[in-house]
Amino acid sequence: SSDNKHKQCLAISALRRLASSAKNKAVLFQQGILLTLANAKNSKDRDLRREIASCLCALSLSSRHRLDMAQIATPMLIESAKSNDSETVRLSLSAIANVAVESNTHPVLCSADAIESIIHRLSHALTGIKREAIRSISNLLTSVDLHPTFIRHDVIECLIQLQTAGCEDCDCLAALSFSKLSVSTGLSNEGLKYVLTLLKSKHKITRKYAATALRNLCASSDEESAFFKLGIPELMIEVLNGKETDLDVLAAATLRSLSCSSIITDKFADNGILYTVIRSISKATVELKSQIAAIFANLSEHLQCQPVMISRGVVKAIDGLSTNDHGDTLKDCARALANLCSAEKVQHDIYRQGGFKTLDTLSHADCETCKRYVAIALRFMASSVEVHRSLYAEDALSLYLGISTSDSLDYQRSAAASFSAMSQSEEGRLMMKKDGISAVLRLCSHADQHVRRNAVCAVANLAASPETRQYIALKGGVEVIRFASAANSDVDFLRDAARTMSSLAVDTAIREAMVSQEVPKALSKLAKSADSETQRFASLALCNLCVGTQKQKESIVQQGVLRILLFILRYPDLEIERRASLAIAALSLGSDENRIQIVGSGFVRSLLEATSYPDLKLRHFALLALNGLVLSTDPKTKHHVAQENGISSLLSVLKSCKDDESVHACIYLLGSLAENVDILKAIIDMDSFLPLVVQKLEHAESIETKRSAAYFLALVSEYPEYHRRLQEANALKSAVALISLVDEESQYYGAFALALLAKNKSFQVPLTKMGAVRPLVSAMHSNARHWAALALLKLADNFNNHITIAEEGGIQALLQSQGAGVTVANLAKRAFDDLCRKT
């Protein structure tokens with residue numbers, strides 16, 4: 001407090017020396033030294049101000065009292081930092097730097113506008129001042145909240161200018177400042193170049209700070225192109241190839257960030273990243289392994305990198321990393337494999353390189369994210385047929401069976417999806433046949449919808465294979481699918497459930513179990529679904545079930561299937577209508593009881609309407625169903641068809657249809673109806689029928705059509721009153737053509753018709769002239785010999801036919817026939833006498 005400046009200077013100098021002791025610092029602060037120095041700050045004496053700054057610098061070394069100093073001495077320090085005396089400025093900045101070590105002093109320093117003064121001193125000519133200024137800044141930058149203030153005052157540009165100072169300490173502190181600022185802002189090209197220069201410093205700590213700054217900048221920047229233009233990836237590779245283990249993690253972390261950019265795919269095969277990273281694994285620390293795993297995971301996101309990674313042995317490297325019990329490492333290993341497995345062409349290569357075993361190891365990790373990636377990878381692997389073959393050869397389904405019973409929902413979903421994919425290949429189905437079917441059936445009742453969908457899809461695919469169909473039934477698959485379809489309302493699930501039943505119903509042994517467990521009832525509900533595919537599969541399943549024994553068919557009808565069949569027969573979907581028609585055809589065959597119920601339920605009219613549809617298959621199937629109905633021994637079914645204007649409908653069908661199958665079914669139906677005399681009369685009374693049948697017979701390509709027409713003509717020929725109609729329809733020539741066929745059944749009907757037509761005396765000579773004798777003689781050696789012999793005998797009633805019969809060998813054929821001796825002898829005598837007269 002003396003007015004003598006010299007005394008004041010000596011006193012403050014004494015206080016500075018006392019302050020060099022830690023014990024004295026506490027006493028001095030208690031005695032209010034800061035207030036004493038504050039009172040002396042107004043002096044303009046250079047030496048006095050320098051001593052004050054020096055004393056404050058010494059006091060600032062006490063960490064316990066830095067907050068007090070910030071609150072009281074900050075104005076003094078800022079004012080001293082603006083002094084014209086370089087030493088005073090240096091000491092003031094040093095004191096500020098010391099105070100700024102404690103982060104709780106930063107708000108006080110910031111509020112006193114210390115930042116601008118400090119930044120301004122970075123451009124000072126003296127290196128010592130620059131060093132203390134940058135030290136203050138690096139300490140203050142510990143508070144992220146102050147970063148915007150520093151950035152606003154262009155601290156980055158000022159830091160870049162330090163590269164011309166040539167001071168190693170300044171470079172180190174600049175690197176530290178960059179490492180702290182890098183979490184809040186990016187750098188210009190000049191700033192990046194300075195950081196790269198710092199990375200090549202001789203001092204290890206400087207290189208470490210610079211590497212940290214690069215790591216942060218690469219992780220937060222949106223413009224990665226600048227980093228690649230400056231060759232930062234190549235520089236990081238050099239660092240990894242070096243022997244500085246402290247920088248390896250930072251370099252790998254930088255590459256990890258850059259590996260997210262698509263730019264890294266350029267010349268990826270030649271840039272040496274994979275080689276360097278893989279070589280670093282053997283001696284890597286836990287942290288470095290974590291970064292390497294992340295690099296692999298990020299690179300695997302790029303499709304262009306995946307083939308190169310597979311060919312360079314990344315899968316084996318991942319296997320080595322997977323042994324590290326570190327959560328992030330395992331997660332990134334699983335992510336890398338999941339991405340690599342997404343490429344279909346390399347899935348089997350991954351399997352051969354041990355990727356599947358690595359996934360098995362990773363599947364036991366506790367990390368849920370890791371499990372999710374493993375589940376994705378396993379699902380991708382299961383989509384490859386080549387992997388199926390390898391799994392089958394090595395009997396390696398156990399991993400999928402294991403995850404199907406896991407508590408993890410991701411694993412259960414993956415297992416169900418994998419089973420669904422495997423069930424599409426032959427090897428996959430064979431592999432699942434042993435233990436996989438039970439697992440899939442269990443998943444069909446899972447609480448999760450996605451699991452149920454994939455599981456029932458797998459069952460449907462398995463049921464499509466005859467080799468695995470029986471195993472599904474043995475494992476209780478019929479009951480599981482029936483119960484699950486009743487308990488679910490999901491469209492996708494019900495569609496595949498119906499598909500499963502349609503395939504199972506093909507097997508004769510399974511069909512019995514399905515009928516006994518009332519599966520037709522469940523199918524009846526599915527056939528009314530709003531989803532067209534579900535309806536189609538349900539109708540197909542019903543159609544397949546109806547092809548069974550008489551007992552099974554009657555049981556199906558008793559389960560109320562007819563009502564739903566009638567509904568879908570009228571449904572505007574050709575596939576469904578076709579299958580409904582076939583189901584009716586199958587149910588009607590072999591059971592008169594079913595036929596009566598079908599006719600009574602009103603099917604005849606719907607089936608007749610279906611015969612007029614332009615779709616050939618539906619028309620054919622409807623005709624088959626009608627054929628099944630009229631084959632009944634009860635005449636009511638035939639009369640019902642006739643009463644529903646069925647004869648006119650059949651005439652229209654016969655006129656319009658050109659396909660041989662429909663023609664055959666239509667004429668066959670006519671033959672069945674013609675067995676009733678009244679209906680036959682109605683058919684003949686329609687003048688167009690007989691000529692049309694004869695025409696179809698002449699142009700028929702299939703032997704079945706010829707047989708049906710032959711049967712119909714044989715029935716008509718039984719009634720002499722229709723013989724004139726047959727002649728007018730040119731049916732006589734057709735009868736001769738029938739017996740000339742190689743087919744025995746056609747021959748039989750032809751011989752039968754000729755035997756009856758030959759009774760008509762007016763037909764005997766025309767039939768002979770049409771060439772009937774020779775095929776009749778040939779038919780004497782077939783099952784139709786009885787009717788052939790009768791026809792020959794009837795033709796022989798006319799004297800004009802004797803020579804022709806004799807010339808064609810008819811006499812000898814008749815002689816060999818039993819029971820025709822007297823007639824044959826007369827015939828022979830007449831033929832001989834006639835020949836003698838002519839010669």
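The values are calculated or read from the model by the stated rules, or taken from the named source; none is laboratory data. All values reported here derive from a predicted model rather than from experimental measurement. Neighbour counts run over all protein chains shown; Cβ positions are idealised from the backbone, glycine included. These area figures cover heavy atoms from the full protein model, side chains too; ligands, DNA and RNA do not enter into them. Shrake-Rupley method; radii C 1.70, N 1.55, O 1.52, S 1.80 Å.
Using beta carbons and a limit of 7 Å, which pairs, at least six apart or on different chains, have the first residue in segment 134-160 and without any contact (Cβ under 8 Å) to a residue 40 or more places away in the chain and the second one of a type in the set (F, W, Y)?
L159/F178; I160/Y194
Working carefully through the options A486, A530, find the one that is open to solvent by 30 Å² or more (accessible area, probe 1.4 Å), part of a loop (DSSP other than H, G, I, E, B) and not polar (S, T, N, Q). Walk me through it before giving the result.
Details: A486 fails: part of a loop (DSSP other than H, G, I, E, B).
Selected residue: A530, the only one of A486, A530 that is open to solvent by 30 Å² or more (accessible area, probe 1.4 Å), part of a loop (DSSP other than H, G, I, E, B) and not polar (S, T, N, Q).
Checking the structure you have, find out if any residue of segment 733-752 is in contact (Cβ under 8 Å) with a residue 40 or more places away in the chain, farther than 21 Å from Q695 by Cα and open to solvent by less than 70 Å² (accessible area, probe 1.4 Å).
Taking every residue of segment 733-752 in turn, none turns out to be in contact (Cβ under 8 Å) with a residue 40 or more places away in the chain, farther than 21 Å from Q695 by Cα and open to solvent by less than 70 Å² (accessible area, probe 1.4 Å).
Are any residues in segment 351-369 open to solvent by 20 Å² or more (accessible area, probe 1.4 Å) and within 18 Å of S408 (Cβ to Cβ), and if so, which ones?
Within segment 351-369, D360, T361, H364, D366, C367, E368, T369 qualify.
Could you tell me which of the residues T285, T323 is closer than 17 Å to F356 by Cα, at pLDDT below 90 and open to solvent by 40 Å² or more (accessible area, probe 1.4 Å)?
Step by step, each of T285, T323 is checked, and only T323 is closer than 17 Å to F356 by Cα, at pLDDT below 90 and open to solvent by 40 Å² or more (accessible area, probe 1.4 Å).
Can you give me the ranges of the helices (runs of 4 or more DSSP H) entirely in segment 540-603 with at least 3 residues that are of a type outside the set (D, E) and open to solvent by 60 Å² or more (accessible area, probe 1.4 Å)?
Numbers: elements: 550-558, 561-569, 574-588, 592-600.
Here the list reads 550-558, 592-600.
From the list I310, I264, I318, pick out the single residue that is in contact with a Leu (Cβ under 9 Å, 6 or more places away or on another chain), in a helix (DSSP H, G or I), farther than 25 Å from A365 by Cβ and not aromatic (F, W, Y). Give the steps one after another, and end with the answer.
Values: I310 fails: farther than 25 Å from A365 by Cβ; I318 fails: farther than 25 Å from A365 by Cβ.
Checking each option against the conditions leaves just I264.
Considering A70, A53, which residue is hydrophobic (A, V, I, L, M, F, W, C), outside any loop (DSSP other than H, G, I, E, B), open to solvent by less than 10 Å² (accessible area, probe 1.4 Å) and under 24 Å from S123 (Cα atoms)? Lay out the reasoning, then the answer.
On the way: A70 fails: under 24 Å from S123 (Cα atoms).
Exactly one of A70, A53 is hydrophobic (A, V, I, L, M, F, W, C), outside any loop (DSSP other than H, G, I, E, B), open to solvent by less than 10 Å² (accessible area, probe 1.4 Å) and under 24 Å from S123 (Cα atoms), namely A53.
Within segment 664-681, work out how many residues are among the β-branched types (V, I, T) and open to solvent by 10 Å² or more (accessible area, probe 1.4 Å). Please lay out each step first, then the result.
Keep residues of segment 664-681 that are among the β-branched types (V, I, T), which gives 667, 677, 679.
After this cut, where a residue has to be open to solvent by 10 Å² or more (accessible area, probe 1.4 Å) as well, the list is 677.
Counting residues in segment 664-681 that are among the β-branched types (V, I, T) and open to solvent by 10 Å² or more (accessible area, probe 1.4 Å) gives 1.
Need at least 1 residues that are of a type in the set (G, A, S) and exposed (fewer than 13 other Cβ atoms within 10 Å of the Cβ) per element, so show me which helices (runs of 4 or more DSSP H) inside segment 104-158 make the cut, counting only ones lying wholly within it.
Answer list for segment 104-158: 106-111.
Consider segment 742-759. How many of its residues are under 60 Å from the mean Cα position of the chain (by Cα) and either of a type in the set (G, A, S) or within 19 Å of Y668 (Cα to Cα) (or both)?
Of segment 742-759, the ones under 60 Å from the mean Cα position of the chain (by Cα) are 742-749.
Next, only the ones that are either of a type in the set (G, A, S) or within 19 Å of Y668 (Cα to Cα) (or both) stay: 743-749.
Qualifying residue count, segment 742-759: 7.
For segment 516-531, what are the residues that are over 16 Å from G476 (Cβ atoms) and either hydrophobic (A, V, I, L, M, F, W, C) or touching a strand residue (DSSP E or B) at 6+ places or on another chain (Cβ under 7 Å) (or both)? It would help to see each step written out before you state the result.
First, pick out the residues of segment 516-531 that are over 16 Å from G476 (Cβ atoms): 520-521, 523-531.
Within segment 516-531, L523, L526, A527, A530 meet the criteria.
How do the pairs read when you match residues in segment 341-367 that are touching a residue at least 40 places away in the same chain (Cβ under 8 Å) with residues anywhere that are open to solvent by 50 Å² or more (accessible area, probe 1.4 Å) and part of a helix (DSSP H, G or I), using Cβ under 7 Å and keeping only pairs 6 or more apart or on different chains?
C341/F380; V346/P307; Q347/F380; H348/E386; Q353/K316; T358/D319; C367/K331
Residue check: is S588 out of contact with any helix residue (DSSP H, G or I) (no Cβ under 8 Å at 6 or more places or on another chain) and at negative phi? Spell out how you get there, then give the answer.
On the way: out of contact with any helix residue (DSSP H, G or I) (no Cβ under 8 Å at 6 or more places or on another chain): no; at negative phi: yes.
The answer is no for S588.
Could you run through segment 78-103 and say how many residues are open to solvent by 30 Å² or more (accessible area, probe 1.4 Å) and either modelled with pLDDT under 85 or not in a helix (DSSP H, G or I) (or both)?
Looking only at segment 78-103, we keep the residues that are open to solvent by 30 Å² or more (accessible area, probe 1.4 Å), and these are 79, 82, 84, 86-87, 90, 101-103.
Retained after the next criterion (residues that are either modelled with pLDDT under 85 or not in a helix (DSSP H, G or I) (or both)): 79, 82, 84, 101-102.
Counting residues in segment 78-103 that are open to solvent by 30 Å² or more (accessible area, probe 1.4 Å) and either modelled with pLDDT under 85 or not in a helix (DSSP H, G or I) (or both) gives 5.
When the residues of segment 758-817 are filtered to those that are of a type in the set (S, T, Y) and assigned to a loop (DSSP other than H, G, I, E, B), which remaining residue is most open to solvent (accessible area, probe 1.4 Å)?
Top of the filtered list is S817.
Among the hydrophobic types (A, V, I, L, M, F, W, C), out of contact with any Gly (no Cβ under 8 Å at 6 or more places or on another chain), in a loop (DSSP other than H, G, I, E, B) and open to solvent by less than 40 Å² (accessible area, probe 1.4 Å), is that true of A213?
No.
Which ones in segment 233-280 are closer than 25 Å to S182 by Cα, within 37 Å of the chain's Cα centre (by Cα) and open to solvent by 50 Å² or more (accessible area, probe 1.4 Å)?
Answer for segment 233-280, where residues must be closer than 25 Å to S182 by Cα, within 37 Å of the chain's Cα centre (by Cα) and open to solvent by 50 Å² or more (accessible area, probe 1.4 Å): R256, C260, S262, I263.
Can E467 be described as open to solvent by 50 Å² or more (accessible area, probe 1.4 Å) and more than 26 Å from T549 (Cβ to Cβ)? Spell out how you get there, then give the answer.
On the way: open to solvent by 50 Å² or more (accessible area, probe 1.4 Å): yes; more than 26 Å from T549 (Cβ to Cβ): no.
Here the answer is no, as E467 does not meet what is asked.
Let's see how each residue does on (1) crowded, with 17+ Cβ neighbours inside 10 Å; (2) assigned to a loop (DSSP other than H, G, I, E, B); (3) on the phi > 0 side of the Ramachandran plot:
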| position | (1), (2), (3) |
| --- | --- |
| L378 | yes, no, no |
| S383 | yes, yes, no |
| H388 | yes, no, no |
| A393 | no, no, no |
| S406 | no, yes, no |
| S420 | yes, no, no |
| L441 | yes, no, no |
| H446 | yes, yes, no |
| V451 | yes, no, no |
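Among the numbered criteria (1) in a helix (DSSP H, G or I); (2) open to solvent by 30 Å² or more (accessible area, probe 1.4 Å); (3) farther than 23 Å from L214 by Cβ, which single criterion is violated by K193?
Condition not satisfied by K193: (3).
Taking F493 as the residue in question, decide whether it is in a helix (DSSP H, G or I), in contact (Cβ under 8 Å) with a residue 24 or more places away in the chain and within 26 Å of P466 (Cβ to Cβ).
Numbers: in a helix (DSSP H, G or I): yes; in contact (Cβ under 8 Å) with a residue 24 or more places away in the chain: yes; within 26 Å of P466 (Cβ to Cβ): yes.
Yes; evaluated as a whole, the condition is true for this residue.
Please note which helices (runs of 4 or more DSSP H) are completely contained in segment 635-752 and include at least 2 residues that are farther than 22 Å from S612 by Cβ and hydroxyl-bearing (S, T, Y). Step through it out loud before you land on a result.
On the way: elements: 636-643, 646-656, 660-673, 677-685, 689-699, 703-717, 723-728, 731-739.
By residue number, 703-717.
Any idea which residue in segment 408-418 is farthest from the chain's Cα centre (by Cα), counting only those that are among the polar types (S, T, N, Q) and part of a helix (DSSP H, G or I)?
Of all residues in segment 408-418, those among the polar types (S, T, N, Q) come to 408, 412, 414, 418.
Pick out the ones that are also part of a helix (DSSP H, G or I) and you get 412, 414, 418.
Working: Q412: 16, S414: 11, S418: 10 Å.
Checking each candidate, the answer is Q412.
Among the residues of segment 648-661, how many are open to solvent by less than 20 Å² (accessible area, probe 1.4 Å) and without any contact (Cβ under 8 Å) to a residue 40 or more places away in the chain?
1
With the requirement that a residue be assigned to a loop (DSSP other than H, G, I, E, B) and touching a residue at least 40 places away in the same chain (Cβ under 8 Å), what does segment 232-255 give you? Give the steps one after another, and end with the answer.
Restricting attention to segment 232-255, the residues satisfying the condition of being assigned to a loop (DSSP other than H, G, I, E, B) are 242-244.
Residue satisfying the conditions is E244 alone.
Say whether the condition of being of a type outside the set (V, I, T) and touching a Ser or Thr at 6+ places or on another chain (Cβ under 6 Å) is met by at least one residue in segment 142-151. Before you say what the answer is, go through the steps one by one.
Of the residues in segment 142-151, the ones of a type outside the set (V, I, T) are 143, 145-148, 150.
This time we only want the ones that are touching a Ser or Thr at 6+ places or on another chain (Cβ under 6 Å), so: 143, 147.
Yes, there is a match, as at least one residue in segment 142-151 is of a type outside the set (V, I, T) and touching a Ser or Thr at 6+ places or on another chain (Cβ under 6 Å).
Taking segment 216-231 on its own, how many of its residues are part of a helix (DSSP H, G or I) and either over 18 Å from R256 (Cβ atoms) or open to solvent by 30 Å² or more (accessible area, probe 1.4 Å) (or both)?
Here the count works out to 5.
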